[in-house]
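Asker: Have a look at this one before I ask anything.
The values are calculated or read from the model by the stated rules, or taken from the named source; none is laboratory data. Since the model is a prediction, treat every value here as computed from it, not as a measurement. Backbone-built Cβ (ideal geometry, glycine too); neighbour counts: all protein chains shown. To get the accessible areas, we keep the full protein, side chains included, count just its heavy atoms, and leave off ligands, DNA and RNA. Shrake-Rupley method; radii C 1.70, N 1.55, O 1.52, S 1.80 Å.
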Amino acid sequence: MWSGLRERIMQPIQDVFPLLSTPRKIFITTHHKPDGDAIGSMLALSHYLTKKGHHVTPVSPGEIPDFLAWMPGVATMLNYEAQPKESLEALANADLVFCVDFNDFNRTKHLEQALAAATQPKVLIDHHLFPKPVWDYGVSIPEKSSTCEMVYDFINLCGDNNLIDLDIATCLYTGVMTDTGSFKFPITSAAVHTMIADLMRHGLDHTRIHEEVYDSWSEGRMRFLGYVLIEKMEVFRKYNSALIALSRKDLNLFKAQNGDTEGLVNYPLSIAGIKFATLITERTDEVKLSFRSKGDFDVSSFAKNYFDGGGHFNASGGRTKTSFIDTIAYFKKILSDIHPL
Ligand code: 5GP
Ligand code: MN
């Protein structure tokens, strides 16, 4: 099941089992600006390890988007930005640290230093390319659809399929659904569908999850999407590419909430012929870029080479410290220089 571990940069996750044979204090975290897979995998693992008798503290590095606020277990979670003292206490008191859905401590933003300094054994469960060699135990398989699929595999590897309950199934499904574009991306394997069938046998209510995540927009968010597509989307037919660039002013105009930009980057890919889509967002402390592709354009390398980022082959992100305007100009120059498609 874990044979995809290409480089033995950490001990296999099975080696952590002896550490879990007695009740432990466990700190779990995920990446900053968490998505469905980040929160889903963190909370699913938290529910599972709690059931096994451990004392678990899930900590998000920052605020979670509104479309995930309904998830079971959110109330047990700390937000590092809002509760730094409690979060650091939980880390200091932990016997073991689990990290899910990221491959470099810097993806946790303000938690980076504390994680790097923590001396407890650290365990990684993740599917991003090229994990940093900073974890003691773990599993990294880029071929996996989502970290939630890997948490499901982990539970099975522990022989605990019978412990999967509605909360665990709900969290796992949310992450697989959001990371696979509702089971549409090529990475959606037969194993994913088998897993979903199993979650259904454990009582999963998939319709409710789709509604919570995708059909619970505010009216403002829907109108913001209309504005973005009409006013802010540039299509570069020559490069089979499209760009959406949103300044602070654009975001303020519609009082865009945390999470309202989620998924915007995917829209241009619904235009016939468009194979590469980029979203540039002006944040207070940096300019953030999101990249998505269809087919064989590797946006992970693109993000790594030009925007200090990374991610997956067809979905990645990066950042610049230059201005919003300069970032747009730089991006367009790269497009014309390298003719990506
Ligand atoms: P998003 O566009 O949703 O922020 O990110 C897309 C994917 O790329 C996610 O899986 C995310 O974890 C990853 N990603 C985003 N930004 C970065 C980054 O700066 N570095 C790395 N290594 N991965 C990133
Ligand atoms: Mn993921």
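To keep it simple, each residue is scored yes or no on (1) without any contact (Cβ under 8 Å) to a residue 60 or more places away in the chain; (2) of a type outside the set (K, R); (3) closer than 16 Å to M42 by Cβ; (4) part of a loop (DSSP other than H, G, I, E, B).
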{"site": "E89", "(1), (2), (3), (4)": "yes, yes, no, no"}
{"site": "N106", "(1), (2), (3), (4)": "yes, yes, no, no"}
{"site": "V139", "(1), (2), (3), (4)": "no, yes, yes, no"}
{"site": "N156", "(1), (2), (3), (4)": "no, yes, no, no"}
{"site": "N162", "(1), (2), (3), (4)": "yes, yes, no, no"}
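Asker: Scan region 214-222 and give yes if some residue there is open to solvent by 50 Å² or more (accessible area, probe 1.4 Å), farther than 15 Å from A44 by Cβ, small (G, A, S) and more than 16 Å from the chain's Cα centre (by Cα), otherwise no. Steps first, answer last, please.
Answerer: Start the filter on region 214-222 by keeping residues that are open to solvent by 50 Å² or more (accessible area, probe 1.4 Å), which leaves 214-219, 222.
Still in the list and also farther than 15 Å from A44 by Cβ: 214-219, 222.
Now drop any that are not small (G, A, S), which leaves 216, 218.
Now narrow it down to the ones that are more than 16 Å from the chain's Cα centre (by Cα): 216, 218.
Checked against the condition, which is being open to solvent by 50 Å² or more (accessible area, probe 1.4 Å), farther than 15 Å from A44 by Cβ, small (G, A, S) and more than 16 Å from the chain's Cα centre (by Cα), region 214-222 yields at least one hit.
Asker: In region 167-191, what count of residues is obtained for those that are open to solvent by less than 50 Å² (accessible area, probe 1.4 Å), β-branched (V, I, T) and either in the same structural domain as S293 (by TED's automatic domain parsing) or in contact with a Lys or Arg (Cβ under 9 Å, 6 or more places away or on another chain) (or both)?
Answerer: So the answer is 2.
Asker: Could I ask something else about it? Give the residue that is farthest from ligand 2 (Cβ to nearest atom), with candidates limited to residues of region 286-303 that are of a type in the set (A, V, I, L, M) and surrounded by 24 or more Cβ atoms within 10 Å (Cβ to Cβ).
Answerer: V287
Asker: Look at I28 and say whether it is closer than 17 Å to I155 by Cα, away from ligand 2 (no atom under 16 Å from the Cβ), touching a Phe, Trp or Tyr at 6+ places or on another chain (Cβ under 8 Å) and of a type outside the set (D, E, K, R).
Answerer: Working: closer than 17 Å to I155 by Cα: yes; away from ligand 2 (no atom under 16 Å from the Cβ): no; touching a Phe, Trp or Tyr at 6+ places or on another chain (Cβ under 8 Å): yes; of a type outside the set (D, E, K, R): yes.
So I28 fails the test.
Asker: Give T170, T174, T188, T194 a once-over and let me know the one that is within 16 Å of ligand 1 (Cβ to nearest atom), assigned to a helix (DSSP H, G or I) and hydroxyl-bearing (S, T, Y). Show your work before the answer.
Answerer: Values: T170 fails: within 16 Å of ligand 1 (Cβ to nearest atom); T188 fails: assigned to a helix (DSSP H, G or I); T194 fails: within 16 Å of ligand 1 (Cβ to nearest atom).
The match here is T174.
Asker: Can you spot a residue in region 95-107 that is more than 12 Å from ligand 1 (Cβ to nearest atom) and open to solvent by 10 Å² or more (accessible area, probe 1.4 Å)?
Answerer: yes
Asker: Quick one: how many residues across region 94-114 are β-branched (V, I, T) and either in the same structural domain as D308 (by TED's automatic domain parsing) or within 16 Å of ligand 2 (Cβ to nearest atom) (or both)?
Answerer: Residues that pass the stated criteria total 2.
Asker: Would you check if K144 is part of a loop (DSSP other than H, G, I, E, B) and buried (at least 20 other Cβ atoms within 10 Å of the Cβ)?
Answerer: yes
Asker: Can you tell me which residue in region 307-330 is most open to solvent (accessible area, probe 1.4 Å), limited to those that are of a type outside the set (S, T, N, Q), away from ligand 1 (no atom under 12 Å from the Cβ) and outside any loop (DSSP other than H, G, I, E, B)? Don't jump to the end; show me each part of the working.
Answerer: Keep residues of region 307-330 that are of a type outside the set (S, T, N, Q), which gives 307-313, 315, 317-319, 321, 324-326, 328-330.
From the residues that got through so far, the ones that are away from ligand 1 (no atom under 12 Å from the Cβ) too are 321, 324-326, 328-330.
So of that shortlist, the ones also outside any loop (DSSP other than H, G, I, E, B) come out as 324-326, 328-330.
Working: F324: 25, I325: 116, D326: 90, I328: 28, A329: 59, Y330: 98 Å².
Across region 307-330, the extreme among qualifying residues is I325.
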